[in-house]
Amino acid sequence: MSQESSRIGNGAGKRGRYPFFHDCTGYAFGALVGRLVPRRVAQAMGSSISLLYAHLQPKRQAAVRHNLALLEPNGVPTGRVLNVFREFGRTMGDYFHLASRSREEAMALVSQHIGFEHFETARRLGRGGLLLTPHLSFFELGGAAAQANGFPIIALTRSESTPALTKWRAAYRARWGVETVEVGGTDDPFAFIDAVRHLEAGRFVAALVDRPDSPKATPVNLPGGTIGFAGSILLLAQARRCPVLPVTTARLADGTYRIEVHGPFFVERGGDGDRAGLLQRHSQHLADIFTPVIRCHPDQWSHFIPLTPPQSGGG
């Protein structure tokens with residue numbers, strides 16, 4: 001839904017998140033190269049730079065190995081670790097390749113649109129919808145594809161490392177019709193007020209959930225351990241009684257992308273009124289949807305810092 005949208009988006013000054021680009025200069029240079037060279041060349045350049053970085057940063061390799069072990073606890077070969085860097089570079093190659101190209105050209109790279117009827121079902125309810133995605137592949141394309149099909153998308157994002165970069169990336173999404181809303185965090189009350197306003201207008205609010213910053217992250221179980229999700233975002237869906245639409249994006253063997261909107265669900269409080277339990281239950285449901293897709297494309301799940309267990313549960 002967002003690439004690096006982040007939140008969809010990456011965080012302010014979080015150099016561990018996207019270790020190759022820290023300011024607007026790097027992104028602007030990448031966009032220039034992406035405009036001048038063919039897509040395959042941009043992908044190859046991104047892959048080579050990422051692999052070089054991996055060899056120069058053994059701690060990053062260790063972090064990736066740690067995270068992949070959450071999916072495959074029986075051992076992670078070095079080749080798979082390096083593939084994460086390689087695939088990330090290819091994704092960034094596509095990101096910069098499309099930086100100066102139209103939404104139509106971006107949509108030409110999407111060969112599979114699965115489950116988009118769920119958008120129409122949600123729209124008929126008139127309450128908007130909450131789109132949640134893991135940090136998998138070129139997830140910015142999810143928002144662009146929804147917008148291209150007539151569903152207005154708002155991408156929640158943290159501040160980038162510099163104001164100029166925040167503005168640059170917002171402009172990147174705006175070319176595809178995706179509006180960026182900068183927020184302080186998924187548990188920031190002001191962020192909730194702004195997001196509710198968009199939901200009330202019938203828009204779809206998109207966010208990443210598998211990269212929380214808050215110590216109140218909601219714990220979810222993966223095959224090899226526990227990580228934190230930004231579960232508090234689900235309170236938006238509960239407050240508005242709008243559907244949650246899980247979305248995944250993955251690059252296929254032929255180089256095109258598959259975007260899938262999974263079956264929507266509603267966040268409903270149980271009779272006990274336990275907020276922590278509510279968030280954990282629905283966050284785990286999201287994890288159960290995302291995990292099989294991520295396990296099919298583990299090389300495209302690019303986290304470069306260890307996904308440690310949350311310090312406390314409660315969202």
Item checked: From Ile294, Ile305, Ile227, Ile233, residue being in contact with a strand residue (DSSP E or B) (Cβ under 8 Å, 6 or more places away or on another chain) and outside any helix (DSSP H, G or I) -> Ile227
Note to self: Whether any residue in the stretch 213-222 is under 15 Å from the mean Cα position of the chain (by Cα), outside any helix (DSSP H, G or I), touching a residue at least 40 places away in the same chain (Cβ under 8 Å) and under 16 Å from Pro134 (Cα atoms) is what I want to check.
What the structure shows: yes
Next item on the list: Would you check if Ser50 is more than 30 Å from Gly202 (Cβ to Cβ), of a type in the set (Ser, Thr, Tyr) and touching a residue at least 40 places away in the same chain (Cβ under 8 Å)?
Entry: yes
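For every residue, the table says whether it meets (1) over 27 Å from Thr218 (Cβ atoms); (2) crowded, with 17+ Cβ neighbours inside 10 Å; (3) among the hydroxyl-bearing types (Ser, Thr, Tyr); (4) modelled with pLDDT of 95 or more.
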position: Gly129; (1), (2), (3), (4): no, yes, no, yes
position: Pro134; (1), (2), (3), (4): no, yes, no, yes
position: Ser161; (1), (2), (3), (4): no, yes, yes, no
position: Glu182; (1), (2), (3), (4): no, yes, no, no
Note to self: Going through Arg65, Arg103 one at a time, which residue ends up being of a type outside the set (Ser, Thr, Tyr), in contact with a helix residue (DSSP H, G or I) (Cβ under 6 Å, 6 or more places away or on another chain) and without any contact (Cβ under 8 Å) to a residue 60 or more places away in the chain?
What the structure shows: Arg65
Item checked: The one condition in (1) surrounded by 22 or more Cβ atoms within 10 Å (Cβ to Cβ); (2) more than 28 Å from Glu72 (Cα to Cα); (3) among the β-branched types (Val, Ile, Thr) that Thr249 fails to fulfil -> (2)
Note to self: Looking at the stretch 72-97 only, could you name the residues that are aliphatic (A, V, I, L, M) and modelled with pLDDT of 95 or more?
What the structure shows: Val81, Leu82, Val84, Met92
Note to self: If I ask for residues that are under 18 Å from the mean Cα position of the chain (by Cα), more than 22 Å from His282 (Cα to Cα) and in a helix (DSSP H, G or I), which ones from the stretch 108-142 would you list?
What the structure shows: Glu140, Leu141
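The values are calculated or read from the model by the stated rules, or taken from the named source; none is laboratory data. Computed from a predicted structure; not experimentally measured. With ideal geometry, Cβ positions are generated from the backbone for all residues, glycine too; neighbour counts draw on all protein chains shown.
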